[in-house]
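Notes to accompany the following structure.
The values are calculated or read from the model by the stated rules, or taken from the named source; none is laboratory data. Source: prediction; values computed, not measured. Here the Cβ positions follow ideal geometry from the backbone for every residue, glycine too, while neighbour counts run over all protein chains shown. Areas reflect the complete protein model, heavy atoms only, side chains present, ligands, DNA and RNA absent. Shrake-Rupley method; radii C 1.70, N 1.55, O 1.52, S 1.80 Å.
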Amino acid sequence: MTLNALAAALPKAELHLHIEGSLEPELMFELARRNRIDIPFASVEDVRAAYNFSNLQSFLDIYYQGMGVLQTEQDFYDLTSAYLKRAQMDNVRHVEIFFDPQGHTDRGIAFETVIGGICRALKDGEADFGISSRLIMCFLRHLSEAAAFETLAEAAPFLDHIAGVGLDSSEIGHPPSKFQRVFDKAREMGLKTVAHAGEEGPPEYIWEALDLLKVERIDHGNAALGDTRLVARLAKEKIALTMCPLSNLKLCVLEDVARHPLKELMQAGLTVTVNSDDPSYFGGYVNANYEAIIDPLELGREDIIQLAKNSVNASFLDAAAKAQLICEIDKTARQFI
Ligand code: ADE
Ligand code: ZN
C-alpha cells in the first residue's frame, strides 16, 4: 500500500474551501447556457487553458468573472452539491465552506438567494453523502470596512446557518487591521473568526490577524516560517494553519512544492492541515493536495495520519463529533499497516 493510498482512504475534514472556487468549467458552461449569460470562452478546454496565473490577483480577476454565471438559488445549490459529491470521493467527512457574498450581492444577487442555495445543498449533502458542514462568510478585503459592515448586517437574519466570518481576496495593501471593528462586531454576534494571512502578505499580517481579529485559525500562513516568535506563538496557542499546497504552486507563492513550509511548521509543533482552496482553478481536490506533497516533503505514515487528525481537531465540530472521526481515522489507518 502506498502512502498516497493511505492519505486518500483516511476520513478527513476540509477547512479551507471557497465554494465559488469549486465551480468546474463544465458547470460554468451549463449555468451560462441556463441563465443566457455570455462567457468569453469557446469551450471547457479554453477555460482550463486560461487558468495560468502569475500571482493571487491574476487568479482573483478570473475567479470573480467566473462566478458571474451563478444567478439563482438552484445555481448555488448545484454548485455546492457538485462539490460535496466530489469531496465524498476523497473521503471528506466534514467541510467548513467559505463563501463570498459580496461577489454576488455586488452583482445584484440577493444574499438570501446565495445562502439559501448553499444551505439547502449542505443539508441534503449531510443526508446523501454523510458530510457534515459549517459555513464561513468571508469579507472581501479589497472592499471597504463600510461594505463589510453592510454584509454583516445582511447576514444577521441567517446567523443560525453561519458559524463564523473570514477574510479573503487581495491580501497585500489590505491588512487585517482594516477590519478590526467588523470582526469585533462579528464576535459580539457570536461568530467565530478566521482570516487569510501570510499567503502573499508578510508575517505582520498574521500577527494582526491574531492580535486584532482574534482569529481561531489562520488560512494559509506560509509567511509564518522565518518568524521564530510567531511560530512559537502559533504553537503555544494551538492556532491551526489551513494550508493549500496546489494553490500556492498555481499562484506562484512557491516555485517548487519541495520548498513548501508545511513539514517544517509541523515539526516546529504547529497544527497544520491540507486543503484545496479553489480546486477547480488549482488542479485538484483535497487528496490531490496530499499527493502533491507526500514525496517532495518526504512525509511518512505518521505525518499523514497526523494531518488527517489535525483537520478534525482544528475544525469547529463539537468534542463528541471530533472523537468519533478520530476513532474512524485510527480504524482506517490500522488497515494500512
Ligand atoms: N479567494 C478565493 N481564493 C482565495 C485565495 N487563495 N486567497 C485569497 N482570496 C481568495
Ligand atoms: Zn483561500
Exercise. Select from Glu216, Glu255, Glu112 the residue whose mean-square fluctuation is largest in a Gaussian network model of the chain (Cα-Cα springs shorter than 10 Å).
Key: Glu255
Self-check item: Stokes-Einstein diffusion coefficient of segment 2-103, Kirkwood radius over Cα pairs, 20 °C, 1.002 mPa s, in µm²/s
Solution: 142
Quiz item: Using r as the Cβ-Cβ distance of Ala258 and Arg33, and R0 as 56 Å, what FRET efficiency do you calculate, to the nearest 0.05?
Solution: 0.85
Quiz item: How large is ³J(HN,Hα), in whole Hz, for each residue of segment 36-48 in order, when computed from phi with the Karplus curve 6.51 cos²θ - 1.76 cosθ + 1.60 and θ = phi - 60°, using x for Gly and Pro?
Solution: 6, 10, 7, 10, x, 9, 8, 7, 4, 5, 4, 5, 4
Practice problem: Collect residues whose amide H, placed 1.01 Å from N in the peptide plane, falls under 5 Å from the amide H of Arg217; neighbours closer than 5 in sequence don't count. | Solution: Ala195
Quiz item: Roughly speaking, what is the stretch gain from Arg233 to Ser43, that is 0.36 nm per residue apart minus the C-alpha to C-alpha distance, in nm to one decimal?
Solution: 63.6 nm
Exercise. Identify which of Ile39, Ile97, Ile136 has the largest mean-square fluctuation in a Gaussian network model of the chain, with springs joining Cα atoms closer than 10 Å.
Key: Ile39
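Divide, for segment 3-334, the radius of gyration over alpha carbons by 2.2 N^0.38 Å, where N is the residue count. Can you show the working numbers first?
Working: Rg = 18.5 Å, N = 332, 2.2 N^0.38 = 20.0 Å.
Computed over Cα atoms of segment 3-334, the ratio equals 0.93.
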Practice problem: Could you work out, for segment 10-166, what percent of all Cα-Cα pairs fall into each 10 Å distance bin, beginning at 0 Å and stopping at the bin that holds the largest distance? | Solution: 10, 39, 37, 13, 0
Self-check item: Sulfur and carbon atoms: percent of accessible area, the chain [1.4 Å]
Solution: 49
Quiz item: Can you tell which of Ala146, Gly221, Leu27 lies farthest toward the positive end of the dipole of the chain, using +1 and -1 charges on the Cβ of basic and acidic side chains (Lys, Arg; Asp, Glu)?
Solution: Gly221
Exercise. Leaving ligands, DNA and RNA out of it, work out the accessible area of Phe282 with a 1.4 Å probe and give it in Å² to the nearest 10.
Key: 10
Quiz prompt | C-alpha center-to-center spacing [segment 64-117, segment 210-236] in angstrom | solution = 29
Exercise. Go ahead and set up a Gaussian network model of the chain, Cα springs under 10 Å, then flag whichever of Val44, Val274, Val312 fluctuates most.
Key: Val44
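Any of Lys123/Lys236; Lys192/Lys322; Lys250/Lys309; Lys12/Lys214; Lys85/Lys214 with alpha carbons more than 24 Å apart? Name them for me. Walk me through the intermediate numbers first.
Numbers: Lys123/Lys236 36 Å; Lys192/Lys322 18 Å; Lys250/Lys309 26 Å; Lys12/Lys214 26 Å; Lys85/Lys214 33 Å.
The pairs that break the limit, which is 24 Å between Cα atoms, are Lys123/Lys236; Lys250/Lys309; Lys12/Lys214; Lys85/Lys214.
Taking only Cα atoms of segment 84-194, what ratio of Rg to Rh do you get with Rh as the Kirkwood inverse-distance radius? Show your work: numbers first, answer last.
Details: Rg = 14.6 Å, Rh = 14.7 Å.
Ratio of gyration radius to Kirkwood radius for segment 84-194: 0.99.
Per residue, how much accessible area does the chain show when a 1.4 Å probe rolls over the protein heavy atoms, in square angstrom?
40
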Exercise. Grab the alpha carbons of segment 172-256, take their convex hull, and tell me the volume per residue in Å³.
Key: 94
